[in-house]
Ligand code: ADP
Ligand code: MG
């Protein structure tokens with residue numbers, strides 16, 4: 001029995017299957033290897049994929065997209081509230097679950113996000129069945145590493161509705177690492193960093209690969225960062241331009257905004273290969289045509305914070321894997337947004353150009369890895385993938401809330417699973433003989449992660465400072481300082497660097513103290529020289 005591997009993406013989905021000693025990506029009924037995760041209801045039909053996407057301007061109230069952003073979330077979730085403002089379709093609140101309400105064939109239909117996702121899954125399943133002339137019942141499905149249990153279960157429900165039994169849910173970046181590992185076929189141990197920037201989510205995962213063993217060291221990311229955000233930035237930019245030029249406010253015009261967004265996504269893609277792109281929408285608002293252009297530099301400027309934040313996540317993930325960037329052998333790029341030159345440039349600057357893998361297909365790697373695991377699970381006697389071994393980690397800390405309100409972490413984030421952890425605690429009342437608690441959803445404990453994040457931000461600041469100071473006296477354009485001063489600066493930089501390496505995720509206060517130590521040595525030296533104030537300014541940042 002064949003088991004398929006499915007990448008159910010926010011923007012695009014892809015399906016693969018292991019067939020005669022190789023993994024094959026299965027194209028859809030329109031001959032495309034990747035299917036946009038869009039569903040559109042016309043008067044008499046239900047469309048899926050690219051044909052659905054093309055409906056957005058003419059049929060925007062009944063054209064559904066980004067449904068994965070709703071999966072497993074509550075209606076009052078701030079992300080859902082923010083997202084729904086951008087959509088043309090109507091969301092309703094049913095017992096705090098977001099449901100989609102549409103008119104179809106003269107009747108009102110209320111659909112759960114799982115049901116919409118099921119339609120996409122079903123169409124992928126049908127494509128494979130047609131191609132292999134075989135009934136498919138089982139699948140391995142991928143989810144972002146950061147998905148919590150509710151989101152994972154909702155994905156499994158979607159598959160069930162589509163008539164698929166989910167044998168395993170695997171994290172998208174882990175699947176991509178499998179794709180890379182199988183392609184490389186090397187026996188040497190390698191540390192691979194998977195950088196997956198798609199339409200809606202961003203995942204970073206560090207995996208140690210040896211033969212067919214995949215050992216996830218750490219994972220990090222953002223459940224709400226991707227190409228859609230870059231599109232929205234550009235939309236906002238052009239809406240302001242349009243409003244200014246025409247002295248109006250087109251923001252409440254959802255249809256217009258949706259049409260503009262499609263034009264912006266195209267422009268964004270063009271900017272990955274060209275320095276300049278045109279955005280044109282006829283009759284955008286009140287019958288007024290819109291035509292403008294945008295340079296790659298402007299696009300990069302609009303998204304600067306987003307791009308730089310991805311690097312912060314990379315550094316955080318490295319530090320939670322207790323690794324230095326030099327220990328990473330390869331960076332595997334996954335997701336359509338990794339085609340953006342600035343994103344690549346930032347990664348190249350951090351890791352070095354030769355570390356960036358260019359052979360893995362960023363759109364297909366996740367489905368490919370899922371299919372490899374599917375073949376492994378299905379115990380296909382002929383499959384040489386039988387010996388795949390995968391170990392993963394918990395993406396967010398798990399713990400319980402104390403009666404006082406604080407959180408007790410039982411399983412720290414990035415702990416290898418399965419795991420057994422013990423925790424001793426006292427009861428809240430005297431003579432209490434019963435205590436009830438459940439390990440709550442990891443997402444609740446973002447607070448704990450927020451503290452962790454603050455700490456790593458501070459230590460990265462310190463690391464950057466050490467780099468900047470050292471560079472100022474040793475780099476190509478170094479300042480003119482005496483040999484004695486130079487030695488002293490190198491010495492303190494080395495000391496601080498060693499401290500950074502020895503202290504995993506140090507307290508904010510301690511990192512600040514090291515910063516002060518560094519400044520104490522550097523200040524008198526740089527104050528003596530011309531233009532020295534320039535380098536001292538970085539201490540104030
Ligand atoms: P997801 O995993 O969220 O389904 P994908 O990996 O399919 O997403 O990536 C989709 C995102 O990649 C979209 O935002 C799309 O606009 C963007 N994208 C695709 N190709 C390019 C490109 N050439 N340049 C920039 N962005 C691109
Ligand atoms: Mg993806």
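The values are calculated or read from the model by the stated rules, or taken from the named source; none is laboratory data. Everything numeric here is computed off the predicted structure, so don't read it as measured data. Positions of Cβ are generated from backbone atoms using ideal geometry, with glycine treated the same way; all protein chains shown enter the neighbour counts.
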Would a scan of the stretch 376-388 turn up a residue that is touching a residue at least 60 places away in the same chain (Cβ under 8 Å) and part of a helix (DSSP H, G or I)?
yes
For residue 242, indicate whether it is surrounded by fewer than 24 Cβ atoms within 10 Å (Cβ to Cβ) and either at pLDDT 95 or above or not assigned by TED's automatic domain parsing to the domain that holds residue 292 (or both).
yes
Note: among 228, 196, just one is under 18 Å from the mean Cα position of the chain (by Cα), crowded, with 20+ Cβ neighbours inside 10 Å and not in a helix (DSSP H, G or I), namely 196
Do the conditions hold for residue 291, that is, is it surrounded by fewer than 19 Cβ atoms within 10 Å (Cβ to Cβ) and part of a helix (DSSP H, G or I)?
no
Among (1) within 19 Å of residue 68 (Cβ to Cβ); (2) surrounded by fewer than 22 Cβ atoms within 10 Å (Cβ to Cβ), which single condition is residue 37 missing?
(2)
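Quick grid of which residues meet (1) within 16 Å of ligand 1 (Cβ to nearest atom); (2) closer than 17 Å to residue 144 by Cβ:
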{"position": "333", "(1), (2)": "yes, yes"}
{"position": "338", "(1), (2)": "yes, yes"}
{"position": "346", "(1), (2)": "yes, no"}
{"position": "349", "(1), (2)": "no, no"}
{"position": "363", "(1), (2)": "yes, yes"}
{"position": "367", "(1), (2)": "yes, yes"}
{"position": "378", "(1), (2)": "no, no"}
Restricting attention to the stretch 246-268, does a residue exist that is closer than 24 Å to residue 306 by Cβ, without any contact (Cβ under 8 Å) to a residue 24 or more places away in the chain, in a helix (DSSP H, G or I) and within 22 Å of the chain's Cα centre (by Cα)?
yes
Select the strands (runs of 3 or more DSSP E) contained entirely in the stretch 1-101, then report the ones holding at least 2 residues which are within 14 Å of ligand 1 (Cβ to nearest atom).
3-8, 12-19
Among (1) on the phi < 0 side of the Ramachandran plot; (2) within 16 Å of ligand 2 (Cβ to nearest atom), there is one condition residue 66 misses while meeting the rest; what is its number?
(1)
Is it the case that residue 201 is under 17 Å from the mean Cα position of the chain (by Cα), farther than 21 Å from residue 359 by Cβ and within 16 Å of ligand 2 (Cβ to nearest atom)?
yes
